[in-house]
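Data block below; observations after.
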Amino acid sequence: MIRLIILILFSFLSINIMSQSWDETRENLLYNASSYRKYLMLKDTESLMRIESFLKKSRELEPDQETLDNMISNLHFSISCYNHKYKKVKKLGTEYYPESEFMRQFSEEDYNTMKDNYELLDLITLGLYTDQYPYSLSSKTNLYKEIKFYDIKRTDTIAEIGAGKGDFSKVLFLTGFNNLIYVNEISISLYYYIEKNITELKKVFNSVNLIPIKGKKKKTKLPTKVNKIIIRSTYHHFTDKEEMLTSIYESLYDDGDLFIREAPLKDSIEYCPLQIKEADILKTIINKKFILQEQLDLDDYVIFRFKKDSYKPVEEAIDN
């Protein structure tokens, strides 16, 4: 009888320890993101005033919000991640946006302002914060719907493959799970940028379970298997998709999930010349022993959830 009571009690505790409702997850994200924003705002108030003026100026000179978002994001990559000098950034920007008054007036002071506020810009360009003071949490972002779709449990180990700046992995950390998250990137410049961001994040939070991983074109290089692998808007950039998917398959536990977030090519190229059609995305992944479970449509993006098929013979997977 005592043994039965202990077993029931242990089962109850396990459920509460391992599970976390979406409401709790969202509440944790709002709290931690607000705390992080407060830290960034208090760290250098003079620099903060400059970023406020810079963003206001950018909106006045470039009224089209989509173009401006794209421009700021590209400048941010060039300045903060690739450490390009001002003259190179100015040259590349004016060549890419020849009609932009914003780029024509982009000054060295603007360059330094963006460089000094890279952490804040990370989460503004991702859509977590608004681009106007006091940089409140955005109510227009789809990030909450996206994170809910990933259905992350406390016991999950996660890897983001092709993580770029690592900003989304940072948001996953802010959900309060403190799961082990491998942040994979093949670009050495972006890898160092991710390392720098993790170091800064540790100044705000006691425990930061984010591990940067220098990946390869054909290998994830993950040190352990994980429950969930997330690829956000970089799958179409994979040059060796078949080999990489084989490595991803081997990096997942048998019941693991693979999430692919993409903007599939429709009638014309809108975002990137490497975009591919939805049917081609599905074909390449399913042929490598994954089963499509569901998908979430968000504006121009689709998130596919695949389950690892541990029982399908390799020959059958290739033939199909």
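Just one of the listed residues (I161, I188, I194) is within 16 Å of I248 (Cβ to Cβ) and out of contact with any Phe, Trp or Tyr (no Cβ under 8 Å at 6 or more places or on another chain), namely I161. Report whether or not K225 is touching a helix residue (DSSP H, G or I) at 6+ places or on another chain (Cβ under 7 Å), closer than 30 Å to P264 by Cα and modelled with pLDDT of 95 or more. So K225 passes the test.
Flag: I194 does not match the condition of being assigned to a helix (DSSP H, G or I), among the β-branched types (V, I, T), modelled with pLDDT of 95 or more and over 30 Å from K140 (Cα atoms). Looking at segment 229-256 only, could you name the residues that are assigned to a helix (DSSP H, G or I) and of a type in the set (D, E)? E242, E243, E250 - these are the residues of segment 229-256 that are assigned to a helix (DSSP H, G or I) and of a type in the set (D, E). Does S251 qualify as being more than 20 Å from L172 (Cβ to Cβ), at pLDDT 95 or above, open to solvent by less than 30 Å² (accessible area, probe 1.4 Å) and of a type in the set (S, T, N, Q)? Considered against the rule, which asks whether it is more than 20 Å from L172 (Cβ to Cβ), at pLDDT 95 or above, open to solvent by less than 30 Å² (accessible area, probe 1.4 Å) and of a type in the set (S, T, N, Q), S251 comes out as no. Restricting attention to segment 185-206 and to residues that are buried (at least 20 other Cβ atoms within 10 Å of the Cβ) and touching a helix residue (DSSP H, G or I) at 6+ places or on another chain (Cβ under 6 Å), the residue that is nearest to I231 (Cα to Cα) turns out to be E185. Please indicate, with yes or no, whether at least one residue in segment 163-175 is surrounded by fewer than 17 Cβ atoms within 10 Å (Cβ to Cβ) and either among the β-branched types (V, I, T) or touching a residue at least 12 places away in the same chain (Cβ under 8 Å) (or both). No - not one qualifying residue is present in segment 163-175. When the helices (runs of 4 or more DSSP H) confined to segment 52-134 are screened for residues that are of a type outside the set (V, I, T) and surrounded by fewer than 14 Cβ atoms within 10 Å (Cβ to Cβ), those reaching at least 1 such residues are found at 65-76, 86-96, 101-104, 108-116.
None of Y182, Y144 is crowded, with 20+ Cβ neighbours inside 10 Å, outside any loop (DSSP other than H, G, I, E, B) and under 15 Å from the mean Cα position of the chain (by Cα) except Y182.
Determine whether segment 199-210 contains at least one residue that is within 30 Å of Y249 (Cβ to Cβ) and hydrophobic (A, V, I, L, M, F, W, C). Yes: segment 199-210 contains one or more residues that are within 30 Å of Y249 (Cβ to Cβ) and hydrophobic (A, V, I, L, M, F, W, C).
The values are calculated or read from the model by the stated rules, or taken from the named source; none is laboratory data. As the structure is a computational prediction, the values presented were derived from the model and not from experiment. Please note: Cβ atoms are built from the backbone with ideal geometry, for glycine as well, and neighbour counts cover all protein chains shown. Quick note on the areas: whole protein, heavy atoms, side chains included, nothing else; ligands and nucleic acids left out. Shrake-Rupley method; radii C 1.70, N 1.55, O 1.52, S 1.80 Å.
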